[in-house]
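Please read the structure below before turning to the comments.
The values are calculated or read from the model by the stated rules, or taken from the named source; none is laboratory data. Note that the coordinates shown come from a computational prediction; the quantities given were computed from them, not determined experimentally. Backbone-built Cβ (ideal geometry, glycine too); neighbour counts: all protein chains shown. Accessible surface areas use protein heavy atoms only, side chains included; no ligands, DNA or RNA. Shrake-Rupley method; radii C 1.70, N 1.55, O 1.52, S 1.80 Å.
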Amino acid sequence: MKRYLTMLLVSLFTWIETVTADDTQHLSIAVGDWPPYFDQEAPDQGIVAQLLRDVFAEEGFTVSYHFLPWKRAYYEAAMGKHDATAVWMHAEEREQDFTFSDPVLKERFVVFHLKDQPVSWSRVEDLSDLRLGGSIGYSYGSAFDQAVEDDLLSIEWVASTVLNFRRLLFDRIDAFPEEINVGYHILRRELEPEEASRITHHPRSLLENESFVLFPKTRPDTMQLAERFNDRLQAFRDSGRYDHYFKNPQYSLQPRQGQ
């Protein structure tokens, strides 16, 4: 009986140590659905999702993604409910809540519109006569955000990019901004070919920027985790592995001829 109890206790302590070890090596990351970079429907959950998963894996972590509305992803992470949130452009006010990683993604935002209703603009203020759409929780850069705050732009916010495309097709809006690869990926995935063929983008960039993983300052291990991530991400860049993720043929990251 004594031998049995000893074996039972050893097994119990081994199980506790394993669970504890697993917990310390697991990361929860809050993200928004933003295909092809973060895609709730894709087996790998998107290009950047797989990149981050692999970077953290080589530091001994497993990752689970929690797909949430963007604002909720931000605030839950800021409160320490998640180990990180991804990806976000830099904004000074976000430094109060988060430690920023090194740049993870380069983005280019453009203005989408119907081919038979071209738009012309050189400054954000030139968009003031248009009925614009936007996605809730998005930032389109400081100049655009300030113009919205100053009531210089007429913009209606909806929950997703696909809704903006449909509103564009039904003449509810004249144009809307979106990251170019995200826009064309959703356009091809969600709309019929005939519908997609009616939409294009203005060649001028609304915004070109870098995006980051944000680590909440409310968690005691934030700085160490961010440093480990940055070091491993740089190793991916130095080896050429980083570029491989964005050359995957299953993702069409550029507009096709005629779009």
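Can you confirm whether region 130-137 contains a residue that is in contact with an Asp or Glu (Cβ under 9 Å, 6 or more places away or on another chain), farther than 22 Å from Met89 by Cβ and either modelled with pLDDT of 95 or more or assigned by the TED database to the domain that holds Ala73 (or both)?
Yes, there is a match, as at least one residue in region 130-137 is in contact with an Asp or Glu (Cβ under 9 Å, 6 or more places away or on another chain), farther than 22 Å from Met89 by Cβ and either modelled with pLDDT of 95 or more or assigned by the TED database to the domain that holds Ala73 (or both).
Against the definition (part of a helix (DSSP H, G or I) and open to solvent by less than 70 Å² (accessible area, probe 1.4 Å)), how does Ala42 come out, yes or no?
Details: part of a helix (DSSP H, G or I): no; open to solvent by less than 70 Å² (accessible area, probe 1.4 Å): yes.
It is false that Ala42 is part of a helix (DSSP H, G or I) and open to solvent by less than 70 Å² (accessible area, probe 1.4 Å).
Inside region 54-69, can you point out the residues that are within 11 Å of Ser28 (Cα to Cα), within 17 Å of the chain's Cα centre (by Cα) and surrounded by 15 or more Cβ atoms within 10 Å (Cβ to Cβ)? Spell out the reasoning first.
Step one: filter region 54-69 for residues within 11 Å of Ser28 (Cα to Cα), giving 61-67.
In the following step, the residues that additionally are within 17 Å of the chain's Cα centre (by Cα) were identified as 63-67.
Result: Val63, Tyr65, His66, Phe67.
Determine if region 130-148 includes at least one residue that is among the charged types (D, E, K, R) and out of contact with any Ser or Thr (no Cβ under 8 Å at 6 or more places or on another chain).
Restricting attention to region 130-148, the residues satisfying the condition of being among the charged types (D, E, K, R) are 131, 145.
From what's left, out of contact with any Ser or Thr (no Cβ under 8 Å at 6 or more places or on another chain): none.
Looking for residues that are among the charged types (D, E, K, R) and out of contact with any Ser or Thr (no Cβ under 8 Å at 6 or more places or on another chain), one finds none in region 130-148, hence no.
Let me spell it out: the conditions are (1) farther than 22 Å from Lys71 by Cβ; (2) open to solvent by less than 70 Å² (accessible area, probe 1.4 Å); (3) in a strand (DSSP E or B), and Phe212 meets all of them except one. Which number is the exception?
Exception for Phe212: condition (1).
Hey, among Arg219, Arg237, which residue is in a loop (DSSP other than H, G, I, E, B), at pLDDT 60 or above and either under 18 Å from the mean Cα position of the chain (by Cα) or of a type outside the set (Val, Ile, Thr) (or both)?
Arg219
Considering each residue of region 139-152, count those that are closer than 25 Å to Pro69 by Cβ and open to solvent by 20 Å² or more (accessible area, probe 1.4 Å), and give that number.
Counting residues in region 139-152 that are closer than 25 Å to Pro69 by Cβ and open to solvent by 20 Å² or more (accessible area, probe 1.4 Å) gives 8.
Can you name the residue in region 94-138 that is surrounded by 18 or more Cβ atoms within 10 Å (Cβ to Cβ) and among the polar types (S, T, N, Q) and, of all such residues, is farthest from the chain's Cα centre (by Cα)?
Once the filter is applied, the top-ranked residue is Thr99.
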